[in-house]
Amino acid sequence: MPEKTLILGQTLAFDGAPDSARHDSHGGVLIHGGMIAATGGGPELRAAHPDATVVDCGDALLSAGFVDAHAHYPQTAMIASWGKRLIDWLNTYTFPEEMRFADPAYAAEIAARYLDLTADHGTTTICSFATIHPASVEALMAQAQARGQRICTGKTCMDRNAPEGLRDTARSAYDDSRALLERWHGVDRLSYVITPRFSPTSTPEQLEAMGALWSEYPDCLMQTHLSEQTDEIAWVTSLYPQARDYLDTYEAHGLLGARGLYGHAIHLEPRERDRLREVGAAVVHCPTSNTFIGSGLFDMAGLRAAGQRVGLATDTGGGSSFSMLRTMAAAYEIGQLRGTPLHASELWWLATQGSAEALHLGDRIGTLAPGMEADIVAVDLASTPAIAQRAARAEDLWEALFPTIMMGDDRAIRAVWIGGRQVKGDA
Ligand code: GUN
Ligand code: ZN
């Protein structure tokens, strides 16, 4: 019988919304067989489960692991590349790096490096783009499988406006995506995501083929990009003169649905906002990317107030950090620039349960509750002298947490469990 582990610390969990937070300053989480078996008061759990191995995290905050709803793991090695905006950035830095993933050994090296870096930052689930190379999907799936990690990824499809060596065709994109989907989707904790990069790098024929694939496998997620920069939108208008707007280029080809994930979604028309909400699709906010590439200010408050499903993401390496703490801080700063600052509870919810729900995984990950998978972080709320001296004055949990959101990094992540297995911190 697998061993039971009881983790003790402060606990923070959500029941479906940012204002549903439950905090226990002397809480505990019981892990058994890779799942959360019980949550509650630490002393009570200890008395009820004397056979459990105890990991006492003191006053560190136990939370569900972070969920990054949009990233590009192949861009790990070119993160923080200077001075370009979206289209030039793609052509100058991104496409040459993605070309290297034709080599399966390089793909395996970066996949391992990426999962090491993200786990070190407390991220336990990621929805990532791969490259056009099937081996780039194989590499991330195999690495995640070996680690018992929940990952969503798919082959990035592009059949135009990308360099030679980084283009597929409508037919090969369909065939390769389908073969990868059949091989990996639903295996262990792995999910295949149908992944047309964005309308400018696909012909209408390729978008049609991706839409057809999605209609054959409707339980799959579909991820792409939408309305990130104004130059990009103008380009889409010239490439798709019949389309009513950017979203319509997807909608017209069967690529708008509840399981759709639309990265960025900054410069939306009223019709686009209405349609995304009506179909129950998710938009994904990528704040460090939006400031780093100079894209614009996402309307979190307006979209959420209208009932839009929203996830939070790094967008590595357009985003400038692997850290969901830094990502929460950037979301806060963008909210400030719009005059609508997000509360610490909203930020933490977005980075955990909100993103899990955007990925339709809210029944498995994203909060601490019995029956959930045991992806857990222990966060040190005094990880540096600067953070510690501010947190020492805090009068409630949110005031204690906010300095770590704004100033914390991987040093704040004291311990991490993925599927019940401790991957960071002293066991
Ligand atoms: N739009 C199309 N591809 C990309 C990408 O790789 N990163 C970002 N930020 N936007 C994109
Ligand atoms: Zn992206």
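Quick note: the coordinates plus some simple rules give every number you see, no bench work behind them. This one's a predicted model, so the numbers in the text were calculated from it and none came from an experiment. Positions of Cβ are backbone-derived with ideal geometry, glycine not excepted, and every protein chain shown enters the neighbour counts.
Rank these for me by crowding, VAL279, VAL29, going from fewest to most other beta carbons within 10 Å.
On the way: VAL279 13, VAL29 31.
Fewest to most other Cβ atoms nearby, the residues stand as VAL279, VAL29.
Each of MET324, MET158, MET407 was scored by other Cβ atoms within 10 Å of its Cβ. Listed from fewest to most, they are MET407, MET158, MET324. Every pair of different Cα atoms in segment 1-120 enters the Kirkwood calculation, which places the hydrodynamic radius at 17.8 Å. What nm value, rounded to one decimal, do you get for the distance between ALA305 and THR340 when each label is placed 7 Å out toward the C-beta? Label-label distance for ALA305 and THR340, simple model: 0.6 nm. About the Cα centre of the chain, how large is the charge dipole given +1 on each Lys and Arg Cβ and -1 on each Asp and Glu Cβ? Please answer in debye to the nearest 20. Dipole about the Cα centre, nearest 20: 160 debye.
Springs between Cα atoms under 10 Å define the GNM used for the chain, and in it the highest mean-square fluctuation of SER177, SER136, SER20 occurs at SER20.
Across segment 390-398, computed HN-Hα scalar couplings (Karplus, 6.51 cos²θ - 1.76 cosθ + 1.60, θ = phi - 60°) run 6, 5, 4, 8, 5, 9, 8, 4, 5 Hz from first to last residue, x flagging Gly and Pro.
Taking amide H as placed 1.01 Å from N in the peptide plane, LEU312 has its amide H under 5 Å from the amide H of ALA69, HIS285, SER355, each at least 5 places away in sequence or on another chain.
For the chain, the cysteines with no partner cysteine C-beta closer than 4.7 Å are CYS57, CYS157, CYS220, CYS286.
The ALA392 and ALA112 beta-carbon pair, evaluated with R₀ = 51 Å, returns a calculated FRET efficiency of approximately 0.85.
With r defined as the distance between the Cβ atoms of LEU297 and THR53 and R0 fixed at 56 Å, what FRET efficiency is calculated, to the nearest 0.05?
On the way: r = 47 Å, r/R0 = 0.84.
Step by step, r from the Cβ atoms, then E = 0.75.
In this structure the amide hydrogen of SER383, modeled in the peptide plane, comes within under 5 Å of the amide hydrogens of ALA388, none closer than 5 places in sequence on its chain.
When segment 66-358 is described by a simple charge dipole with +1 on each Lys and Arg Cβ and -1 on each Asp and Glu Cβ, the residue from ALA105, LEU181, ALA344 located farthest towards its positive end is ALA344.
At full extension, SER238 and ARG183 could sit 16.1 nm farther apart than now, given 0.36 nm per residue minus the alpha carbon distance. Looking at the chain alone, DSSP beta bridges between its own residues are antiparallel in about 45 percent of cases.
Extension gain GLU205-ILE87, at 0.36 nm per residue separation less the Cα-Cα distance, in nm?
Full extension of this stretch gives 40.3 nm more.
Across segment 218-277, C-alpha contacts under 8 Å between residues 6 or more apart give a mean separation that, scaled by the residue count, equals a relative contact order of 50 percent. Rounded to the nearest 0.05, the FRET efficiency derived from the C-beta distance between ARG271 and GLU164 at R0 = 35 Å is 0.45.
Compute the length gained on full extension between ALA212 and ARG364: take 0.36 nm times their separation in residues and subtract their Cα-Cα distance, giving the result in nm to one decimal. Show your work: numbers first, answer last.
On the way: separation 152, 0.36 × 152 = 54.72 nm, distance 2.81 nm.
So the extension gain works out to 51.9 nm.
Run lengths n ≥ 4 of DSSP H only: what is the helix-derived mean residue ellipticity at 222 nm for the chain, with -39500 (n - 2.57) per run over all residues, to the nearest 500? Can you show the working numbers first?
Working: 17 runs with 156 residues, N = 427.
Taken over the chain, the calculation gives -10500 deg cm²/dmol.
Electrostatic tally near GLY42: other residues with Cβ closer than 13 Å to its Cβ, Lys and Arg +1, Asp and Glu -1, net -3.
The three principal axes of the Cα atoms in segment 167-317 give end-to-end lengths of 39, 37, 31 Å, sorted in falling order. Across the chain, the volume of the C-alpha convex hull divided among the residues equals 129 Å³ per residue. The ranking of VAL236, VAL137 from fewest to most other beta carbons within 10 Å of each one's beta carbon is VAL236, VAL137.
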